1. Give the accessible surface of the stretch 187-260 per residue, rounded to a whole number of Å², with probe radius 1.4 Å and ligands, DNA and RNA excluded.
2. Give the accessible area for Glu190 in Å² (nearest 10); use a 1.4 Å probe, count only protein heavy atoms, and leave out ligands, DNA and RNA.
3. What FRET efficiency do you get for Ser278 and Asp192 if R0 is 41 Å and r is their Cβ-Cβ distance, rounded to the nearest 0.05?
4. Measure out, as a whole number of angstrom, how far apart the alpha-carbon centroids of the stretch 206-285 and the stretch 92-125 sit.
5. Keeping all protein chains in place, calculate the accessible area per residue for the stretch 81-129 (probe 1.4 angstrom), answer in Å².
6. What list of ³J(HN,Hα) values in whole Hz, one per residue of the stretch 197-202 in order, does the Karplus curve 6.51 cos²θ - 1.76 cosθ + 1.60 (θ = phi - 60°) give from phi, with Gly and Pro shown as x?
7. Filter the trypsin sites (Lys or Arg not before Pro) in the stretch 60-120 to those in DSSP coil with at most 10 other Cβ atoms within 10 Å of their Cβ, and list the result.
8. Ranked highest first by average number of other Cβ atoms within 10 Å, how do 54-60, 225-231, 246-252, 119-125 line up?
Amino acid sequence: MNDRIKGNLHIIFKGFIIGSSMSVPGVSGGTMAILLGIYDKLISSISNFLKDIKGNFLFLMKFCIGAAAGIGSLAFVIKWLLGNFPIPVSFFFLGAVIGGIPALFKKTKETPLKLTSGIYFLIGLILVIFIGFIPAGNFNISSGSGFTYLLTLLITGIIIALALVLPGISTSHMLLVLGMYDTLIVAITEFDIVYIGILGISTLVGIFLITKPIEWTLHKFPHQTYCMIIGFVLGSTTEIFRDKIIPAIPMNADFVWWITSALISTFTFLLGYFAIISLSRYSND
């Protein structure tokens, strides 16, 4: 019984961490799920939901409880910390991302590294960096009416699902690129049930459509897939540098500022690194 309770708490706790980190640029939910060793189980539970409805439902329910708690509580704290201490907090998340790389690398060792391994890594790295450089609001689909607009919302939901499921792709950035971020925030604050409902249903449909091929690739080509995922994860760190660290550096920063910031950032980086290393011990639920 104690082991069962401990296992349930681990799932809820991991959901909590994933939910709270989703507001951080460059740290996607998929990335954090992989670093915490729960990604494969999430994908399998969704794609094979009908094969074990009770077991999969209970697992997803525990995960969603933790994620909802994280989004509703710690996410606001993280946003406040990023707003007031962007550089040390960003380095904490950089450390967390880098700290998860060894666990990912172990998953590639089922097959010896080859030249093609580097190619798959570069594909993942370049793809995420490219997505990160797409200007915000480059496509504006936040307004419209009629059947075309509803269809656009459905397509948007599927794109959001892709960002949610694939590691290294920031959901918030994708919403900004699509011109949907501000509209979605307004819809949530004004309780626009129709808008949120259509987008929510389309996102859910997108998740079920996407998880099956992802699960297939994880089982059929695990080495290649994880090489690409490592590229995804490392590529996501560029967004943290570009959007949070570099803009936070003062134009007239003096020597004392650089030394102080370097020491504090090194400490927070190591804190994030060893936090993920410690959590990875509980990667098998």
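1. 58
2. Probe radius 1.4 Å; accessible area of Glu190 about 130 Å².
3. Numbers: r = 42 Å, r/R0 = 1.01.
So the FRET efficiency works out to roughly 0.50.
4. Between the Cα centre of the stretch 206-285 and that of the stretch 92-125, the gap is 12 Å.
5. Values: 2650 Å² over 49 residues.
I get 54 Å² per residue for this part.
6. Coupling constants for the stretch 197-202: x, 4, 5, x, 5, 5 Hz.
7. Those that pass, being in a loop and sparsely packed, are Lys109.
8. The peptides rank, most packed first, as 225-231, 119-125, 54-60, 246-252.
The values are calculated or read from the model by the stated rules, or taken from the named source; none is laboratory data. Source: prediction; values computed, not measured. Because the Cβ atoms are built from the backbone with ideal geometry, glycine has one as well, and the counts that use them run over all protein chains shown. In case anyone asks, the SASA skips ligands and DNA or RNA and just uses the protein heavy atoms, side chains included. Shrake-Rupley method; radii C 1.70, N 1.55, O 1.52, S 1.80 Å.
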